[in-house]
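Each remark here refers to the structure printed beneath this line.
Values in this text are rule-based calculations from the coordinates and carry no lab data. Keep in mind that this is a model prediction, so the values were computed, not measured. Using ideal geometry, Cβ is built from the backbone for each residue, glycine included, and neighbour counts are taken over all protein chains shown.
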Amino acid sequence: MLEIKNLHASVEGKEILRGINMTVNPGEVHAIMGPNGAGKSTLSNVLAGRDGYEVTQGEVIYKGENLLELEPEERAQRGVFLAFQYPVEIPGVSNIYLLKAALNAVRKYQGLDEVDAIDFLNLVRDRMKLVKMDEQFLHRNVNEGFSGGEKKRNEILQMAVLEPALAILDETDSGLDIDALRVVAEGVSALRAEDRSIVMITHYQRLLDHIVPDFVHVLSEGKIVKSGDKELAKELEKSGYSWVHDAPEGQTA
Amino acid sequence: MKQLTEITTPFGEVASAKTLPGSELGWLQQLRDKARAQFERHGLPAKKVEDWKYTSLWSLSQEGFSHDANAVSLDKTELAHVAALEDAYRFVIIDGRFSAELSELEDLEEGLSIKPLAEGLDNAQSMLGEQIDLEKPGLNAINTMLMQDGLVLQVQAGKTISKPVELLVISTAENQKLASHLRNLIQVEADAEVTLLEHYVSLADTEGFTNVVTEVKLDEKATLNHFKLQHESLAHYHIATLASKQAAGSNWHTNNISLGGKLARNDIHSQLLGEESHVTLDGLYLVTGDQHVDNHTRIDHAVPNTTSDEVYKGVLDGNSHAVFNGKVNVHKDAQKTDSSQSNKNLLLSRSCEIDTKPELEIYADDVKCAHGSTVGQIDEQHLFFLRARGLDETAARSLLTYAFAVDVLQRIKSAPMRQALSNVIEKRLPKGA
Ligand SMILES: Nc1ncnc2c1ncn2[C@@H]1O[C@H](COP(=O)(O)OP(=O)(O)OP(=O)(O)O)[C@@H](O)[C@H]1O
Ligand SMILES: [Mg+2]
């Protein structure tokens, strides 16, 4: 599904990613943890194609294609989805309009007709139940005036409607209360599938109690300094990040 | 003293040559004479007049407009196509003349009176000219000396009119270079309410000049929901004054949309003269090519406890030029005034130009006044978000431009009106997705 090889990227001349290696196979769930400023969001932005990052070395292969050569929309149309750490508010664009435009963009790439109005509504209603969102949110502008937790749920709603092949969730659990965390986690779990891979960036073990990852990676100072299974996350919760820094290099997945 | 010798026009001669409505009314004749004297003294405003600094009437003064129109008619189906509202009373002015035949004014609701200017003048003495300043640099004097038609609308006390009224002013290709001087008088009596859309449109690339003054008088607790859609050809001049006087507890909601014209200028004046009166003064301008649009608004909070809320937005492309000047004047003793104003501009090209200026004059101390203006491009974060959801760059840009503009229409309470106006905006700015 996704193969990241020796990825180096910098922002404004400052190197942030310093040789990331990671392989994500279909159906796998990977968690990325690591201290603030380690480069986790940078990695997800580079994968999604945001401007302003310069890839200086390495490559990213997604479903056999060179991902870094594609425009952001081409990546999205091919099934790459990024749930943003800080979702933006878009005045004047209603949620339902966005969902439909996004779904049709994917369908167009897949050679399908625009979605039928009734099928679309049924799909959206169904997915809203999954994240326990009220229908009134459909007619509100994207994220405008949403609470922090509502914005995060809205990202998962978009994911649920678009059914991506590779979902990268950047701290979707941050800022959620305990109930909302469970709802979002259940939503994401429900979307777990054999042909879908999920990369979750998180600071907390809590999320991983709900969605048990196949792999846990620690990203620190632009490198994956340790990889393991779910036990690694528990270890981190107990002892913090300081001990992994001392780990020898090369223990990456 | 003749200040504007550099601009000369034949408007004065036209006034002598023409027979205008109400010539038998002494008070009106006096008013027209006064206006003429004012015009002879000052002519058209030149750019050295502060309020006209960014808008030149030089090319208008050189056009040589005609004041005589051939009678024209229009297919009813074509008319339905031009109108913005489906379910509305329709008052049609075509090439400067009211057309009873094209209008739809049968079975007016009780309490609603609609007349063309010539018929409404008899009872207009207490209203006509009362809301505007004849001496203000601009075209109020020309309009007063030459006004030949318009809508006179009155709503009786206590009546809420359910169907909206569309004043449809059409310029056709039959009469090129026609100047129309229109005067609309809108009076809503106590506790009454009505919705009015002023809609100015050209068929084909007609060259012309619309000079309109709309006067609004709102009695106690009256409500006027007012919309203006100016959508004339790119060869058209549109110069308008819209002025209201509001009594206690009255509400005026107005939304002024400028899409067309070579040159469009609006002077909008809200006078809050009674306590607890409120005005919402919104506007949207979309200009491209060589278009020029200038909105000058002024709100006078003359007494305590009045509120105003103003949002103007603009989208500029090509070599267009837009001007926004928003004055808010809080008079001495107008305590507890609550006023907010914003002007936001989206620039889509490098060669367009915006001059925006809020002007607050506050002579009371216990007031809340907020204002701000912004000029910017499409937000890169918004753009990336939409692209990361699969929309291609062109579609994402179009959608964001449309969204920026239509945002101001979301403040319109009536759903059919909001829809009708959004549709017009969408034709101009396709959402693109
Ligand atoms: N556009 C930018 N300009 C300058 N510095 C940047 C930019 N984007 C990221 N950085 C820097 O890169 C580093 C990594 O940031 P990033 O957002 O990837 O961290 P993170 O691991 O996601 O942290 P957090 O856990 O706090 O979300 C930080 O030091 C940040 O300041
Ligand atoms: Mg981050």
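Footprinting exposure proxy ranking of B:Ile239, B:Ile257, A:Ile118, fewest other C-beta atoms within 10 angstrom first, gives A:Ile118, B:Ile257, B:Ile239.
Legend: P(r) of segment B:312-433 from all alpha carbon pair distances, 10 Å bins from 0, whole percents, reading 12, 31, 32, 17, 6, 1. The label point for A:Asp179 and the one for B:Ala118, both projected 7 Å from the Cα toward the Cβ, are 7.0 nm apart. Residues whose amide H falls under 5 Å from that of B:Asn256, counting only those 5 or more places apart or on a different chain, are B:Lys228, B:Asp282, B:Gly283, B:Leu284, with hydrogens built in the peptide plane. Electrostatic tally near B:Ala83: other residues with Cβ closer than 12 Å to its Cβ, Lys and Arg +1, Asp and Glu -1, net -3. With a threshold of 30 Å on the Cα-Cα distance, the over-threshold entries among B:Lys34/B:Lys327; B:Lys115/B:Lys368; B:Lys336/B:Lys357; A:Lys151/B:Lys327; B:Lys228/B:Lys368 are B:Lys115/B:Lys368; A:Lys151/B:Lys327.
Charge tally for B:His292 (other residues, Cβ to Cβ under 10 Å; Lys, Arg +1; Asp, Glu -1): -1. Once the chain from B:Leu348 to B:Thr394 is taken as fully extended at 0.36 nm per residue, the excess over their C-alpha distance is 15.3 nm.
When each of A:Tyr62, A:Tyr204 is scored by the number of other beta-carbon atoms lying within 10 Å, the sequence from fewest to most is A:Tyr204, A:Tyr62. Residues of segment B:339-358 with the amide nitrogen closer than 15 Å to a label point 7 Å from the Cα of B:Glu50, along Cα-to-Cβ, please. Of the residues in segment B:339-358, B:357-358 have backbone N under 15 Å from the label point off B:Glu50.
Work out, step by step, the length gained on full extension between B:Ala204 and B:Ser414: first 0.36 nm times the residue separation, then minus their alpha carbon distance; give nm to one decimal.
Here the segment from B:Ala204 to B:Ser414 would lengthen by 72.6 nm.
Among the residues of A:135-144, the average count of other protein chain beta-carbon atoms within 10 Å of the residue beta-carbon is 1.
Bridges between two residues of chain A, per DSSP, are antiparallel at a rate of about 60%. Here chain A is treated with +1 on each Lys and Arg Cβ and -1 on each Asp and Glu Cβ, and its dipole about the Cα centre works out to around 280 debye. Taking one quarter of the surface of the C-alpha convex hull of the protein assembly as shown gives a mean projected area of 34.9 nm².
What share of the DSSP beta bridges in chain B is antiparallel, in percent to the nearest 5?
Of the beta bridges lying entirely in chain B, close to 5 percent run antiparallel.
Report D for segment B:11-428 in µm² per second (integer): Stokes-Einstein, Kirkwood Rh on Cα pairs, 4 °C, 1.567 mPa s.
Roughly 59 µm²/s, to the nearest whole number.
Distant-in-sequence amide contacts of B:Val315, defined by a placed amide H-H separation under 5 Å and a gap of 5 or more residues or a different chain, comprise B:Tyr285, B:Leu286, B:Val287, B:Leu346.
Put in line by how crowded their Cβ is, counting other Cβ atoms within 10 Å and starting with the fewest, B:Thr160, B:Thr214 read B:Thr160, B:Thr214.
If you plug the beta carbon distance of B:Ser16 and A:Glu54 into 1/(1 + (r/R0)^6) with R0 = 60 Å, you get a FRET efficiency near 0.20.
Only lysines eight or more places from A:Lys152 in sequence, or on another chain, were considered; those with a Cα closer than 23 Å are A:Lys40, A:Lys100, A:Lys129, A:Lys132.
Within straight-line reach of A:Lys63, meaning a Cα separation under 18 Å, sit the following aspartates and glutamates at least 8 residues removed in sequence or on another chain: A:Glu3, A:Glu28, A:Glu71, A:Glu73, A:Glu74, A:Glu163, A:Glu194, A:Asp195.
Gain in length, A:Ala117 to A:Glu221, computed as 0.36 nm per residue apart minus the alpha-carbon separation, to one decimal in nm?
Separation in residues times 0.36 nm, less the Cα-Cα distance, equals 32.7 nm.
Restricting attention to the protein assembly as shown, close to 20% of DSSP beta bridges with both partner residues there are antiparallel. For chain A, which span is the longest to avoid every loop-located (per DSSP) member of GluC sites (Glu not before Pro) having at most 13 other Cβ atoms inside 10 Å? Counting at most 13 other Cβ atoms within 10 Å as exposed, the longest clean stretch of chain A is A:13-113.
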